[in-house]
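Written below as structure tokens is the structure these notes are about.
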Amino acid sequence: MERNQVFPPATKEAWRALVERDPKMAPVDEKLVTPLEDGIVAQPLYTRADRPAASRQGVPGAAPWIRGTQARPRPWEVRQIVDGPSLEEAAVQARTEVERGATALLLRVGEEGVELSSADELARVLEGISLDGLSVELDAGADFARAAAWLEPTFARRPDASGSFGADPIGVAARTGRAIEPLLDQLVPVARTALRFPRVRAVRASAAPYHDAGATAAQEMSAVLSAAVAYLRRLVDGGLSVDEAARLLAIELPIGPDVFWEIARLRAMRWIWGRALRAAGAQVAPRIEAVTSWRMMTARDPWVNLLRTTAAAFSAAVGGAESLTVLPFDAAVGRSDGFARRLARNVQRILLDETQLHHVIDPAGGAFYLEALTDELARKAWAAFQSLEAEGGIVEALRRGSLQRAIAEAAAEREKRVARRKLPITGVSEFPLLDEAVLDRAPRAAAKLPAKTAIEPLRPRRLAASFEALRHASDAHRAATGARPRVFLANLGALAEYNARSTWIRNLLAAGGIEAVGDEGFSSGPAAAEAFARSGCEVAVICGADRTYESLAEEAARALRGAGAARVLLAGRPGELEGRLREAGVEGFLYLGQDAIEALTSLLASCGVSVAEDRR
């Protein structure tokens, strides 16, 4: 090749032709695509031609706000939760968080946080803390108006104070079932108080109630957008100008561990909220905040939560969140201790001080996949928002129950994916540590629902809840009997023949809190049955290669039944052998893609263990 000769231009067609030379990869449009949520499909390759026109519009700090609301790099707020429960504990938490790097405090007030009853008590929580550069925010649920009145004197001592009263009446109603209108009636007075302070907001419309109940991305984005628009209308009707009302509003999104998806979701949320504000005539930039997802957190192997929250925090930073709360890794276990709070805070401090992500505005901008995904998410969420508005808005949808039903359907579909381990949960449904030491934490008080609800409340539920219910049942059995439920592995043939399936079965059983007994391989049914009889187990699972099943599985099943096995199962799909195996005594099959929750619950029942109602 001559020195000045250039490579021929690469084309998508040429790439496709190369890939499809492998028959297993053809056609590319079926074999290499990845279905995501809300009907969105990720393609295997994106080029400049896939970049939507909208993403080429604007610059950071200007409408349509896709690339962020800041024209110059600026750090996001490191927001830490202060939740007591006593005044003394809350004061120590607040002081420690500020001294060690938090730039915003979120005071959780009420039964799930610190119990306050006056402005003096709230001031005691913040006593000795400089408010210079510190944002003080509230999360007081239905008591947002009273809590705002308690915080107002603190703000009054510093006219340049920064923070938020955190009102979210629609979110409170959605989560608790309370009547919506009485809560909304308190919004305008709180907003008028906030107007006295140029850097204080009145409303934090959170998508968490919808996200935690199982909503898809488009559902939760459209729901929180409809709530924010409802607040905007209520404030304008209450006498505020559009710009005054818009300045008082922020939207908060829960962020999961899927980095590209969450970056695109934040950019899309800012885009559609900005579009709604411009349509209302506001000249104010949209404010988007983030909190790591509670739905993704696990109580089992909670250390993995550090990876989840780090990925989520990175996504939030790259996606342009202006404030971020990282939940402590033990948030699903109970009240977080100082160590867990420190790690949550330091996830952000490392991203800021060492990774310095805030030095680049919209670092994902221009990436063909991210731009295309941002565009698709924005369009899906905007279409869902229009549907909600056509129904009368989120308030009417909650009253009718249509939003609750739609979210419940989405949650049920996701539950099926979790149960079939198509949505794997590391440390819980995949790679579980059966005998892990369970963290000991003080229980967190659960929010109490009203005795009589006005609307159907959304039910929060963690993704890991169903599998963790199995583990709770196993723990209770061990506490009562001194041993876990056990299943014997009847491994057929040499190690190389049975190892893959026996390893897979061990992990599956451990996900249900069941101990797998037996490492030895057997060359005959009687040998397997003899070992089974010595094990003391009542259930056996035959493991081996397909070719071994053809010669040994029937014999092993008959021998195991003869040795007293109450149930005999087989690892893998039986194919043409199913009829013969069932006749020999095989009751069922354990295989990739089946409903693991159902299979494991049945196995636990065979071992005398009943599974209680799933925990949150």
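Bear in mind these aren't lab numbers, they're just calculated from the coordinates by the rules spelled out. What you see is a predicted model; the values in this text were computed from it and never measured. Quick reminder, even Gly has a Cβ in these numbers, built from the backbone with ideal geometry, and neighbours come from all protein chains shown.
What are the residues whose amide H is under 5 Å from the amide H of L105, where those residues sit 5 or more places off or on another chain and H is modelled from the backbone?
Q80, S135, V136, E137
In whole Hz and in residue order, list the ³J(HN,Hα) couplings for segment 145-161 that follow from phi through the Karplus curve 6.51 cos²θ - 1.76 cosθ + 1.60, θ = phi - 60°; x for Gly and Pro.
Coupling constants for segment 145-161: 5, 5, 5, 4, 5, 6, 7, 3, x, 5, 5, 5, 6, 9, x, 8, 4 Hz.
Under the classification rounded if a/c is under 1.5, otherwise prolate if a/b is larger than b/c and oblate if not, where does segment 145-216 fall, given a ≥ b ≥ c as square roots of the Cα gyration tensor eigenvalues?
On the way: a/c = 2.99, a/b = 1.89, b/c = 1.58.
Judged from the Cα gyration tensor, segment 145-216 comes out prolate (a/c at least 1.5, a/b above b/c).
Hey, what did the chain get for relative contact order, percent, Cα under 8 Å, at least 6 apart?
13 percent
Based on the alpha carbons, how large is the Rg to Rh ratio for the chain when Rh follows Kirkwood?
My calculation puts Rg/Rh at 1.04.
Using the Karplus equation 6.51 cos²θ - 1.76 cosθ + 1.60 (θ = phi - 60°), what ³J(HN,Hα) coupling, rounded to whole Hz, does each residue of segment 116-124 give in order, writing x for Gly and Pro?
Whole-Hz 3J(HN,Hα) from phi for segment 116-124: 10, 9, 6, 5, 5, 5, 5, 4, 5.
Can you put W294, W261 in order, fewest other beta carbons within 10 Å first?
Taking fewest neighbouring Cβ atoms as first place, the list is W294, W261.
So who's got an amide H within less than 5 Å of the one on E115, skipping anything under 5 residues away but keeping other chains? H placed 1.01 Å off N, in plane.
Amide H to amide H, under 5 Å and 5 or more residues apart or across chains, E115 pairs with G110.
Where Lys and Arg each count +1 and Asp and Glu each count -1, what net charge lies around A378 among other residues with Cβ under 12 Å from its Cβ?
Summing Lys/Arg as +1 and Asp/Glu as -1 gives +2.
State the Cα centre-to-centre distance between segment 177-204 and segment 375-448 in whole Å.
27 Å
Rank A276, V517, Q594 by how far each Cα sits towards the positive end of the charge dipole of the chain (+1 on Lys, Arg Cβ; -1 on Asp, Glu Cβ) and give me just the farthest.
Checked the options; the winner is A276.
Where nothing but the Cβ of Lys and Arg (+1) and of Asp and Glu (-1) is charged, how large is the charge dipole of the chain around its Cα centre, in debye to the nearest 20? Mind dumping the intermediate values first?
Working: 78 positive and 80 negative charges, 205 e Å.
That gives a dipole near 980 debye.
Can you list which of the trypsin sites (Lys or Arg not before Pro) found in segment 402-476 are DSSP loop residues with at most 13 other C-beta atoms within 10 Å?
K422, K448, K452
Report relative contact order for segment 99-243 in percent, whole number only (criteria: Cα-Cα under 8 Å, sequence separation at least 6). Present the calculation step by step, with values, prior to reporting the outcome.
On the way: 191 pairs, mean separation 27.5, N = 145.
Relative contact order comes out at 19 percent.
Based on the mean of other beta carbon atoms within 10 Å per residue, what is the order of 600-607, 153-160, 247-254, most packed first?
247-254, 600-607, 153-160
In whole percent, what relative contact order does segment 468-606 give with Cα contacts below 8 Å and a gap of six or more residues?
Reported relative contact order: 25 percent.
Considering only DSSP beta bridges with both partners in the chain, what is the antiparallel share in %, to the nearest 5?
Bridges in the chain that DSSP calls antiparallel: roughly 5 percent.
So, with +1 on the Cβ of K and R and -1 on the Cβ of D and E, and no other charges, what is the size of the charge dipole of segment 207-247 about its Cα centre, to the nearest 20 debye?
For this selection, approximately 60 debye.
How far, in degrees from 0 to 90, does helix 525-535 lean away from the longest principal axis of the Cα atoms of the chain, to the nearest 10?
60 degrees
Which whole-Hz couplings ³J(HN,Hα) result when phi for each residue of segment 346-351 is put into the Karplus expression 6.51 cos²θ - 1.76 cosθ + 1.60, θ = phi - 60°, listed in order with x for Gly and Pro?
6, 3, 6, 5, 5, 4
Relative to the longest principal axis of the chain, what angle (0 to 90°, nearest 10) does the C-alpha long axis of helix 304-319 take?
Approximately 40 degrees, to the nearest 10.
Just flag the trypsin sites (Lys or Arg not before Pro) in segment 92-139 sitting in loop per DSSP whose Cβ has no more than 14 other Cβ atoms within 10 Å.
R100
Which of the trypsin sites (Lys or Arg not before Pro) found in segment 11-77 are loop residues per DSSP with 12 or fewer other Cβ atoms within 10 Å of their Cβ?
Numbers: sites: K12, R16, R21, K24, K31, R48, R56, R67; in loops: R21, R67.
Those that pass, being in a loop and sparsely packed, are R21.
Report the Stokes-Einstein translational diffusion coefficient (µm² s⁻¹, integer) for segment 468-606, Rh taken as the Kirkwood radius over Cα pairs, at 37 °C with viscosity 0.692 mPa s. Kindly include the intermediate steps, with their values, before the conclusion.
Working: Rh = 14.8 Å.
Taking Rh from Cα pairs, D becomes 222 µm²/s.
Based only on other Cβ atoms within 10 Å, what is the fewest-to-most ordering of D243, D237? Intermediate values should be presented prior to the final figure.
Working: D243 14, D237 10.
Ascending Cβ contact count within 10 Å gives the list D237, D243.
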